[in-house]
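Below is one structure; the comments refer to it alone.
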Amino acid sequence: MIAKLLLDKKREGKTLGSAEIREFVEGFTRGEIPDYQMAAMAMAICCRGMNERETADLTDAMKNSGRSLTWDVITADKHSTGGVGDKLSLIIQPLAAACGVYVPSLTGRGLGLTGGTADKLETIPGYNASLSLDDFQRVVKETGVSMTVQTSEITPADKKLYALRDVTGTVASIPLIVGSILSKKLAEGAETLIFDVKCGSGTFMKTKEEALQLAKALVGGAKAAGRKSAALVTDMSSPLGRAIGNANEVEEAIEILSGKSFDPKVTELCIELAALMVSKSLDLSLEAARLLCQDKLNDMSAYKRFLEMVNAQGGDLGKFEALLKTKTYKFTIQAMRSGFVGAIDAEKIARAAFMLGAGRAEAGDEIDPLAGVDLAVKRGDRVSVGSPLATLKTSRGPSGLEAAAAEALKAFKIESAIASGDIELILERVE
């Protein structure tokens with residue numbers, strides 16, 4: 001196969017054959033096709049697109065580049081396209097497990113403004129988010145749930161390709177996004193796949209139309225591969241919950257799981273996504289699944305599953321509580337006028353957290369586990385001059401606090417009158 005001919009073909013907007021896609025991916029995985037040619041192919045796909053069959057072939061080729069898992073229990077997983085303050089997986093995965101579904105969840109690390117579930121969990125001292133596949137399967141069987149990162153055994157083609165996409169401006173391509181997400185999720189072996197496709201300033205799908213297109217592509221691809229699937233398009237114009245960072249997001253998730261705090265928006269979305277997993281996995285009505293999920297959250301069964309998973313993966317919550325008491329440098333931003341909080345821009349809050357050390361600019365960068373933003377208000381809250389809006393914190397020193405605070409302050413829109421009606425959280429359902 002001559003790679004250049006296929007590059008020319010896709011650059012001209014022509015359709016690639018199944019065998020051509022498979023051989024290109026296999027050649028890239030083996031190192032026979034150099035990175036620059038794969039980067040060129042990614043750009044051609046980004047500009048010219050792929051039809052459904054091509055996208056399915058790309059997904060299948062990347063899945064088959066490594067090992068695929070099989071299970072003898074009922075399995076499901078949830079994937080989010082990423083958002084600001086999105087600690088939902090820490091709640092949803094144990095919640096679904098408490099309802100009787102086994103949840104093998106390969107998760108990711110954060111890059112840029114996008115937070116990673118693995119980074120959050122690794123703020124728990126001792127937690128191993130890099131399990132071998134054998135240990136991953138063991139923990140799932142023992143506790144009902146495991147969250148760990150993709151290993152070199154799973155979709156190595158995707159791992160190589162994603163590194164190129166990140167540096168060549170080809171991340172925001174629906175065929176490439178679908179191929180990357182689905183190849184990993186299909187390889188992990190979950191029978192039911194639920195997608196939370198974020199929409200708004202705090203994610204890469206800025207409009208409902210873009211997010212809906214991605215949701216339909218993910219669900220269609222999962223179903224074509226023989227999996228049960230559904231998706232929700234959800235609002236990410238403002239952060240989820242109060243905490244944006246890593247350790248503080250874990251703390252908030254634990255408080256919700258243990259009943260120490262309640263956030264109606266976070267809880268609503270967790271119940272809805274977990275109920276989709278349970279409904280499709282156990283053949284229950286969606287309403288029955290919602291009630292079951294609510295019961296398992298209320299009686300702390302989900303919290304117990306979370307504790308079992310953390311313990312099985314080496315985490316020490318006693319040391320985590322001590323970590324939270326470590327000295328940090330803080331800066332509280334205050335309202336400059338009286339009125340109502342009309343908006344909290346998720347992207348600006350994420351940028352402030354990133355500036356404090358909560359994210360990484362490159363894959364090898366270290367994050368500050370304690371860096372982040374804690375919101376003091378929600379949309380619709382009334383504030384007066386001097387009212388606290390948010391507290392920024394970092395353990396790296398005070399030098400960057402004022403610049404981050406200036407960025408965070410831009411996120412808050414204070415209006416003279418409260419906007420009528422509640423913010424719609426779930427924008428669309430795709431099944």
Name the pairs: first residue in the range 129-153 and assigned to a helix (DSSP H, G or I), second residue open to solvent by less than 10 Å² (accessible area, probe 1.4 Å), Cβ to Cβ under 6 Å, at least 6 apart or on different chains? PHE136/SER146; PHE136/THR148; VAL139/SER146; VAL140/PRO104; VAL140/SER146; THR143/MET309
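Would you confirm, using the coordinates I've provided, whether VAL250 is part of a helix (DSSP H, G or I), in contact with a Gly (Cβ under 8 Å, 6 or more places away or on another chain), touching a residue at least 60 places away in the same chain (Cβ under 8 Å) and of a type in the set (Val, Ile, Thr)? Talk me through it step by step, then tell me what you get.
Values: part of a helix (DSSP H, G or I): yes; in contact with a Gly (Cβ under 8 Å, 6 or more places away or on another chain): no; touching a residue at least 60 places away in the same chain (Cβ under 8 Å): yes; of a type in the set (Val, Ile, Thr): yes.
Considered against the rule, which asks whether it is part of a helix (DSSP H, G or I), in contact with a Gly (Cβ under 8 Å, 6 or more places away or on another chain), touching a residue at least 60 places away in the same chain (Cβ under 8 Å) and of a type in the set (Val, Ile, Thr), VAL250 comes out as no.
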Tell me, please, whether a residue that is modelled with pLDDT of 95 or more, within 16 Å of THR192 (Cα to Cα) and touching a strand residue (DSSP E or B) at 6+ places or on another chain (Cβ under 9 Å) can be found in the range 246-269. no
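Table: residues versus (1) closer than 25 Å to ALA225 by Cβ; (2) open to solvent by 10 Å² or more (accessible area, probe 1.4 Å); (3) without any contact (Cβ under 8 Å) to a residue 60 or more places away in the chain.
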residue: MET38; (1), (2), (3): yes, yes, no
residue: ARG53; (1), (2), (3): yes, yes, yes
residue: GLY115; (1), (2), (3): no, yes, no
residue: GLY126; (1), (2), (3): no, yes, no
Between residues in the range 297-311 that are more than 16 Å from ARG138 (Cα to Cα) and residues that are assigned to a helix (DSSP H, G or I) and open to solvent by 60 Å² or more (accessible area, probe 1.4 Å), which pairs lie under 9 Å by C-beta distance while being six or more apart or on different chains? SER301/ASP295
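Test of understanding: among ASP166, ASP158, which residue is buried (at least 21 other Cβ atoms within 10 Å of the Cβ), of a type in the set (Asp, Glu) and not in a loop (DSSP other than H, G, I, E, B)?
On the way: ASP166 fails: buried (at least 21 other Cβ atoms within 10 Å of the Cβ).
Within the list ASP166, ASP158, the selection yields ASP158.
Here's the yes/no breakdown for (1) in contact with a Gly (Cβ under 6 Å, 6 or more places away or on another chain); (2) under 22 Å from ALA157 (Cα atoms); (3) open to solvent by 30 Å² or more (accessible area, probe 1.4 Å):
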position	(1), (2), (3)
GLU188	no, yes, no
GLY200	no, no, no
LYS206	no, no, yes
ALA215	no, no, no
GLY221	no, yes, no
Test: residue in the range 80-100 that is surrounded by fewer than 24 Cβ atoms within 10 Å (Cβ to Cβ), closer than 21 Å to ALA312 by Cα, out of contact with any Asp or Glu (no Cβ under 7 Å at 6 or more places or on another chain) and without any contact (Cβ under 8 Å) to a residue 24 or more places away in the chain: no
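Given PRO104, PRO125, which one is part of a strand (DSSP E or B) and modelled with pLDDT of 95 or more?
Numbers: PRO125 fails: part of a strand (DSSP E or B).
Checking each option against the conditions leaves just PRO104.
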Enumeration of residues in the range 380-421 that are in contact with a Ser or Thr (Cβ under 6 Å, 6 or more places away or on another chain) and either basic (Lys, Arg) or exposed (fewer than 14 other Cβ atoms within 10 Å of the Cβ) (or both): SER384, VAL385, LYS393
Spot the failing condition for ILE181; the list is (1) out of contact with any Gly (no Cβ under 7 Å at 6 or more places or on another chain); (2) in a loop (DSSP other than H, G, I, E, B); (3) of a type in the set (Val, Ile, Thr), and only one is missed. (2)
Only residues that are open to solvent by 20 Å² or more (accessible area, probe 1.4 Å) and under 20 Å from the mean Cα position of the chain (by Cα): list them for the range 330-354, please. ASP345, GLU347, LYS348, ARG351, PHE354
Anything in the range 58-78 that is of a type in the set (Asp, Glu) and under 23 Å from the mean Cα position of the chain (by Cα)? List them, or say none. ASP60, ASP77
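Check whether at least one residue in the range 188-196 is farther than 19 Å from ARG22 by Cβ, part of a loop (DSSP other than H, G, I, E, B), of a type outside the set (Phe, Trp, Tyr) and at pLDDT below 95, and report yes or no. Steps first, please.
Narrowing the range 188-196 to residues farther than 19 Å from ARG22 by Cβ: 188-196.
Those left that are additionally part of a loop (DSSP other than H, G, I, E, B): 189-191.
If we keep only those that are of a type outside the set (Phe, Trp, Tyr) as well, we get 189-191.
Within this subset, residues satisfying the condition of being at pLDDT below 95 are none.
The answer is no, given that none of the residues of the range 188-196 is farther than 19 Å from ARG22 by Cβ, part of a loop (DSSP other than H, G, I, E, B), of a type outside the set (Phe, Trp, Tyr) and at pLDDT below 95.
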Which residue pairs have Cβ atoms under 6 Å apart, sit 6 or more places apart or on different chains, and have a first residue in the range 11-29 that is in a helix (DSSP H, G or I) and a second that is open to solvent by 80 Å² or more (accessible area, probe 1.4 Å)? GLU23/MET1
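On the basis of being crowded, with 23+ Cβ neighbours inside 10 Å and among the polar types (S, T, N, Q), does SER105 make the cut? Reasoning before the result, please.
On the way: crowded, with 23+ Cβ neighbours inside 10 Å: yes; among the polar types (S, T, N, Q): yes.
Spelling it out, SER105 is indeed crowded, with 23+ Cβ neighbours inside 10 Å and among the polar types (S, T, N, Q).
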Residues located in the range 223-247, provided they are part of a helix (DSSP H, G or I) and open to solvent by less than 20 Å² (accessible area, probe 1.4 Å): ALA247
Residues located in the range 197-222, provided they are in a helix (DSSP H, G or I) and more than 15 Å from the chain's Cα centre (by Cα): LYS208, GLU209, GLU210, LEU212, GLN213, LYS216, ALA217, VAL219, GLY220, GLY221, ALA222
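The values are calculated or read from the model by the stated rules, or taken from the named source; none is laboratory data. Remember, predicted model here, so these are calculated numbers, not experimental data. Here the Cβ is made from the backbone with ideal geometry for all residues, glycine too, and neighbour counts use every protein chain on show. Keep in mind that these areas ignore ligands, DNA and RNA; they rest on the heavy atoms of the full protein, side chains included. Shrake-Rupley method; radii C 1.70, N 1.55, O 1.52, S 1.80 Å.
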